[in-house]
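For reference, the structure is listed below as structure tokens.
The values are calculated or read from the model by the stated rules, or taken from the named source; none is laboratory data. In this text, all values refer to a predicted model and were calculated from it rather than measured experimentally. Please note: Cβ atoms are built from the backbone with ideal geometry, for glycine as well, and neighbour counts cover all protein chains shown.
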Amino acid sequence: MIKTVTLNAAIDKTVEVQDFRVGAVNRITKLQLDAGGKGINVSKVIHALNGKSIAVGVLAGRNGEYIRAEIERRGIVHDFLFVDGETRINLKVVDPLNSTFTDINEAGTLVTDQELVQLEGKIFKELGSDSSLVLSGSIPSSVPVTIYRHWIEKAKGLGVKTFLDADGELLREGLKAKPYLAKPNLHELERLVDHELSRLEDVAVAARNLLKQGLEVVVVSLGAEGALFAYQDKVIHAEGLSIEVKSTVGAGDAMMAALTLVPAGEDYLERAVRWSLATSAAQVATTGSQPPEFSQVLSYLDQVRYRVLA
């Protein structure tokens, strides 16, 4: 069983604007609505890769109803908690002419302490040693920044494999619980270590230090430069694939989805590298936050190039 958690769900409204200008009137040439939020995106891609997950999280209002209907339409199992208020809408402005991608995100729905307890019950319902828990994305302002740390500690007590994708204090606190895998991007890792990581060797050192703190796998997404993977005594850098970028929304979530499906065993790291890079590439070649086609992921597998760093 894989459960994904989304505390800050959203409708992703992706608009295409040719030559987007700040302070000017801009005309939308294309518009697309998707059920979003990082955990939900992970579940969508797991489903696209022929895996199964349960999407758990907080929804509210008519926007929440839209997201639930979209999740059900895709055949994804869910166990959402509905609260008062309205689920946010995040605006994604894509400018193909200048190759820019601008995010304008609303604040999340407030969640009370009692609702958080209810959600925790849904998260840990039937979780066991054969389960994985994905904690990703931002949280509403009413939720303590220690929440992911608390849930990772509780999950580990049940033998659950935990995956963390967060930023700032959420990431810092979550790492104290020593999740199985953490997937910061370069900027998140730099904020964590509080200094610039200008060379791959610097990123590798920071990743190895996280392993020494008790994590089993560290994946650092590097945007167009690919990603760095650290596991046991090996560090691998995978190059970014040369593709036409249609949307950067959900690229990291697609990578996380693939990582949850790679079984342990011989050549684990190499398989994790190939599948996560191919899935992320297929995601950015897809418009909006729609999940990629499985056939497209397969077509990228043999294009992944990587090397072991000393």
Worksheet item: Any idea which of Val203, Val220 is crowded, with 16+ Cβ neighbours inside 10 Å, closer than 17 Å to His187 by Cβ, modelled with pLDDT of 95 or more and in contact with a Pro (Cβ under 8 Å, 6 or more places away or on another chain)?
Response: Val220
Worksheet item: Does Ile40 qualify as being buried (at least 20 other Cβ atoms within 10 Å of the Cβ), of a type outside the set (D, E, K, R), in contact with an Asp or Glu (Cβ under 9 Å, 6 or more places away or on another chain) and within 27 Å of Leu301 (Cα to Cα)?
Response: yes
Worksheet item: Has the range 239-260 got at least one residue that is surrounded by fewer than 20 Cβ atoms within 10 Å (Cβ to Cβ) and at positive phi?
Response: no
Worksheet, complete the sentence: Selection over the range 238-253 where residues are in contact with a Lys or Arg (Cβ under 9 Å, 6 or more places away or on another chain) and outside any loop (DSSP other than H, G, I, E, B) yields a count of 3
Worksheet item: Restricting attention to the range 28-55, which residues are under 14 Å from the mean Cα position of the chain (by Cα), at pLDDT 95 or above and either of a type in the set (Val, Ile, Thr) or assigned to a strand (DSSP E or B) (or both)?
Response: Ile40, Val42, Val45, Ile46, Ala55
Worksheet entry | Test for Leu91: is it in contact (Cβ under 8 Å) with a residue 60 or more places away in the chain, farther than 18 Å from Thr6 by Cβ and part of a loop (DSSP other than H, G, I, E, B) | no
Discussion item. When the residues of the range 223-238 are narrowed to those that are farther than 27 Å from Lys52 by Cβ and surrounded by 18 or more Cβ atoms within 10 Å (Cβ to Cβ), which ends up modelled with the lowest pLDDT?
Written reply: Gly226
Worksheet item: From the set of residues in the range 63-99 that are among the aliphatic types (A, V, I, L, M) and exposed (fewer than 15 other Cβ atoms within 10 Å of the Cβ), which is nearest to Asn8 (Cα to Cα)?
Response: Ala69
Discussion item. Please determine whether any residue of the range 16-31 is touching an Asp or Glu at 6+ places or on another chain (Cβ under 9 Å) and within 16 Å of Glu72 (Cα to Cα).
Written reply: no
Item to complete: May I ask you to list the residues in the range 99-128 that are of a type in the set (S, T, N, Q), in contact with a strand residue (DSSP E or B) (Cβ under 9 Å, 6 or more places away or on another chain) and either in a loop (DSSP other than H, G, I, E, B) or over 19 Å from Asn41 (Cα atoms) (or both)?
Response: Thr100, Asn105, Thr109, Thr112, Gln118
Response to the item:
Checked Ile152, Ile123, Ile147 against criteria (within 28 Å of Phe82 (Cβ to Cβ), touching a Gly at 6+ places or on another chain (Cβ under 7 Å) and among the aliphatic types (A, V, I, L, M)); the one match is Ile152
Worksheet entry | Looking only at the range 167-177, and only at residues there that are modelled with pLDDT of 95 or more and in contact with a strand residue (DSSP E or B) (Cβ under 9 Å, 6 or more places away or on another chain), the one that is nearest to Gly226 (Cα to Cα) | Leu171
